[in-house]
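Trainee: If you scroll down you'll find the structure; I have some questions about it.
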Amino acid sequence: MTGSNCNLSLRRSPATEEHYRAAMVLSGAGDALGFRNQRWEYNESGPDIHRELKELGGLKNIQVQLPDWPVSDDTVLHLATAEGLATGRCGEELLQEVASRYVIAMTDMEGRKPGPSSILGVSQLRPGEEGGLPGPLQPGWYRLRSGHALHVHRPQVRGGCHGYPARYPKPDQLLSLVAVAVETGRMTHPHPTGFLGAVASALFAAYAVQRRPIRTWGLGLLSEACPIAWSFVQGRGFAVEESERDWSYFSDKWTWYLEQRGLKGAGPVVWPASYGPAERDLAYKSFSLSGWAGRSGHDAPMIALDALLGAGSDWEELMSRAGFHGGDSDSTAVIAACCWGLLYGTQAVPPGNYQNLEYRDRLESSAQALYTLSHSP
């Protein structure tokens, strides 16, 4: 498939509670599948992963459950954010709540391979204490963390799938969505390439709730969300000079991607003549900062969007593109599967891919709570 169904969301009914549950559960399923208990997340060859998948009997034959298919750190942090947002708190109280849950979440990382940036960032959070969160009271935070912040995948995962679209799903809530994505993203990743990844994936999930055509999402990121993020950074007065210095990489790379796919005009999506697993590995590396596709804040949501454009309503094709490639496959699958669930639900997904998923009950409970919050006066 090459994107023929990428605008089916326009013809779908509004997002329901079931769509929200699908988003949370399938993001976890995508994580477990792309991770494959560390085996596929660190496999640098998409064709090799696809061969192993065929030996397993294909995606329809996989039963995602413990002990062979645990979720990674992505879902653990995902739940920390979602459950923090589900408390209904706002402002500083919300940030303290989420930070507290991040600290607890880091005690559940055995075998889940958390990234060094997340480990370091969370280790320095002191929720409840003055100056315990990143901000003007911690002037050295950016300098300490920026050396790690480009080579990350955690903030965009937290930002996209874990409650922002459910808590702030409406167009007139964009400021709140961006503000929370920036603030929670830079708890561990203060470099713009890191926390703008949180903004990107949060925005895409909100666009999925709104049933906005997928091919417009990238332009919306650059023209709508990024300017708000910059205004917010300036208003907060935290690491403004450093952020301005490092800001352009994210937007420049996204501008390049949109041009590659023909997404800056009104025409059809432009795809390479051949775009199988091997070709996608090369393409995804060209998206990346350092050759590890999906590891940074700019390219994980980029790969997810690429997969959503190409897969349409086909779950297997989505996972083929977003979850089974030679890069940070669990992170890209989390973002793509979240948005896909918001659009299409679980009806077309093999039950074995999610029925016995680790933490399924928590994922569904947080989705229900966030759906209720989003529909409160």
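Trainee: Name, by its number, the condition in (1) part of a loop (DSSP other than H, G, I, E, B); (2) closer than 19 Å to GLY352 by Cα that does not hold for GLY34.
Mentor: (1)
Trainee: Still on this structure, please answer the following. Could you please give the count of residues in the range 49-66 that are without any contact (Cβ under 8 Å) to a residue 24 or more places away in the chain and in contact with a Phe, Trp or Tyr (Cβ under 9 Å, 6 or more places away or on another chain)?
Mentor: The number of residues fulfilling the criteria is 1.
Trainee: Looking for whichever is closer than 30 Å to ASP172 by Cβ, in contact with a Leu (Cβ under 9 Å, 6 or more places away or on another chain) and in a loop (DSSP other than H, G, I, E, B) here; the options are LEU263, LEU258. Which one fits?
Mentor: After applying the criteria, what remains is LEU263.
Trainee: Pairs needed: first member in the range 236-260, among the aliphatic types (A, V, I, L, M) and at pLDDT 95 or above; second member anywhere, in a helix (DSSP H, G or I) and surrounded by 13 or more Cβ atoms within 10 Å (Cβ to Cβ); C-beta distance under 6 Å; at least 6 residues apart or different chains.
Mentor: Partner pairs satisfying both residue conditions: LEU258/GLY218.
Trainee: Among the residues of the range 273-285, which ones are free of Cβ contacts under 8 Å to residues at least 60 places away in the same chain, of a type in the set (A, V, I, L, M) and either touching a Leu at 6+ places or on another chain (Cβ under 6 Å) or in a helix (DSSP H, G or I) (or both)?
Mentor: If the condition is that a residue be free of Cβ contacts under 8 Å to residues at least 60 places away in the same chain, of a type in the set (A, V, I, L, M) and either touching a Leu at 6+ places or on another chain (Cβ under 6 Å) or in a helix (DSSP H, G or I) (or both), then LEU282, ALA283 are the ones that fit.
Trainee: Which one is surrounded by the most Cβ atoms within 10 Å (Cβ to Cβ) among residues in the range 104-132 that are over 18 Å from the mean Cα position of the chain (by Cα) and within 19 Å of LEU363 (Cα to Cα)?
Mentor: MET106
Trainee: Another one. Return a yes/no flag: does the range 358-370 have any residue that is outside any helix (DSSP H, G or I) and either more than 22 Å from GLY58 (Cα to Cα) or over 15 Å from the mean Cα position of the chain (by Cα) (or both).
Mentor: Scanning the range 358-370 turns up at least one residue that is outside any helix (DSSP H, G or I) and either more than 22 Å from GLY58 (Cα to Cα) or over 15 Å from the mean Cα position of the chain (by Cα) (or both).
Trainee: Now a separate question. Would you call VAL71 at pLDDT 95 or above, within 18 Å of the chain's Cα centre (by Cα) and assigned to a loop (DSSP other than H, G, I, E, B)?
Mentor: Judged against the criteria, VAL71 is a match.
Trainee: I've got another one for you. Can you name the number of the only condition in (1) assigned to a helix (DSSP H, G or I); (2) closer than 24 Å to GLY326 by Cβ; (3) of a type in the set (A, V, I, L, M) that VAL270 fails?
Mentor: Every condition holds for VAL270 apart from (1).
Trainee: So how many residues does the range 79-103 have that are surrounded by fewer than 18 Cβ atoms within 10 Å (Cβ to Cβ), hydrophobic (A, V, I, L, M, F, W, C) and in a helix (DSSP H, G or I)?
Mentor: Of the residues in the range 79-103, 1 are surrounded by fewer than 18 Cβ atoms within 10 Å (Cβ to Cβ), hydrophobic (A, V, I, L, M, F, W, C) and in a helix (DSSP H, G or I).
Residues are listed down the side, and each one gets a yes or a no for (1) surrounded by 24 or more Cβ atoms within 10 Å (Cβ to Cβ); (2) modelled with pLDDT under 85; (3) not in a helix (DSSP H, G or I):
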position	(1), (2), (3)
PRO139	no, yes, yes
LEU175	no, no, no
THR188	yes, yes, yes
PHE195	yes, no, no
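Let's see how each residue does on (1) within 23 Å of ILE62 (Cα to Cα); (2) under 17 Å from the mean Cα position of the chain (by Cα); (3) not aliphatic (A, V, I, L, M):
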site	(1), (2), (3)
VAL269	no, no, no
PRO277	yes, no, yes
TYR284	no, yes, yes
SER288	no, yes, yes
GLY297	no, yes, yes
LEU305	no, yes, no
LEU318	yes, yes, no
TYR344	yes, no, yes
ASN353	yes, no, yes
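Trainee: Hey, among the residues in the range 13-22 that are buried (at least 24 other Cβ atoms within 10 Å of the Cβ) and touching a Phe, Trp or Tyr at 6+ places or on another chain (Cβ under 8 Å), which one's farthest from GLN210 (Cα to Cα)?
Mentor: ALA22
Trainee: Still on this model: In the range 106-126, what residues are within 16 Å of PRO67 (Cα to Cα) and either free of Cβ contacts under 8 Å to residues at least 24 places away in the same chain or not in a loop (DSSP other than H, G, I, E, B) (or both)?
Mentor: Result: GLU110, single match.
Trainee: Identify, please: which residue in the range 342-363 is touching a Phe, Trp or Tyr at 6+ places or on another chain (Cβ under 9 Å) and more than 15 Å from LEU33 (Cα to Cα) and is, among those, surrounded by the most Cβ atoms within 10 Å (Cβ to Cβ)?
Mentor: LEU342
Trainee: Now for a separate question. Quickly run through the range 200-216 and pick out the residues that are under 14 Å from the mean Cα position of the chain (by Cα) and closer than 16 Å to TYR257 by Cβ. It would help to see each step written out before you state the result.
Mentor: Going through the range 200-216, the residues under 14 Å from the mean Cα position of the chain (by Cα) turn out to be 200-208.
Result: ALA200, SER201, LEU203, PHE204.
The values are calculated or read from the model by the stated rules, or taken from the named source; none is laboratory data. As the structure is a prediction and not an experimental result, all values here were calculated from the model. Every residue, glycine as well, gets a Cβ built from its backbone with ideal geometry; the counts of neighbours run over all protein chains shown.
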